[in-house]
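Take a look at the structure below.
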């Protein structure tokens, strides 16, 4: 009865004989002998086994434990199906969110591009002898310089992203 319970619990926990042997600090052959009923673990080892299995010693010594039933497998497959549906829904939600974030980003880039083009770098005519004006002018120039170099790349990437996400939404 003990040998059957050790084998059934080990299998229900998804452990191989080798894995259980490593956890108990014994050789695999010892586990095999216990499961075949050729030897019996001592009381200290029974306590260790119960700790590894997270099962009371009385359960190990008690009634025969049935192997995993078809109903258990069906319940597990139903739970996995629910999890898969939730993951698929999350994926769709993420795509929709990304889609609706990329559109305003493209609009922002186009509007900023138009504004900067219409303004035509007004800071070039400013009086840079005034420290406040020079700091603002340099900051404006740095923004404009960086924007005109990065915006086309970001805009193209966003448009490509919109089309890739749009097909899957």
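The values are calculated or read from the model by the stated rules, or taken from the named source; none is laboratory data. Quantities reported herein were computed from a predicted structural model and do not represent experimental measurements. Note that each Cβ is placed from the backbone with ideal geometry, even for glycine, and that neighbours are counted across all protein chains shown.
The table below gives the values:
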read-out: First in the range 139-158 and under 16 Å from residue 120 (Cα atoms), second anywhere and surrounded by 11 or more Cβ atoms within 10 Å (Cβ to Cβ), Cβ under 7 Å, 6 or more apart; value: 140/123; 141/123; 144/116; 144/121; 147/112; 147/116
read-out: Matching entry among 48, 58 (being outside any loop (DSSP other than H, G, I, E, B) and surrounded by 15 or more Cβ atoms within 10 Å (Cβ to Cβ)); value: 48
read-out: Residue among 17, 89 that is within 35 Å of the chain's Cα centre (by Cα) and assigned by TED's automatic domain parsing to the domain that holds residue 154; value: 89
read-out: Filter pass, residue 40 being at negative phi and at pLDDT 90 or above; value: no
read-out: Criterion: surrounded by 13 or more Cβ atoms within 10 Å (Cβ to Cβ), at pLDDT 90 or above and part of a helix (DSSP H, G or I) - qualifying residue of 155, 146; value: 155
read-out: Candidates 92, 114, filtered to the one that is exposed (fewer than 13 other Cβ atoms within 10 Å of the Cβ) and under 30 Å from residue 146 (Cβ atoms); value: 114
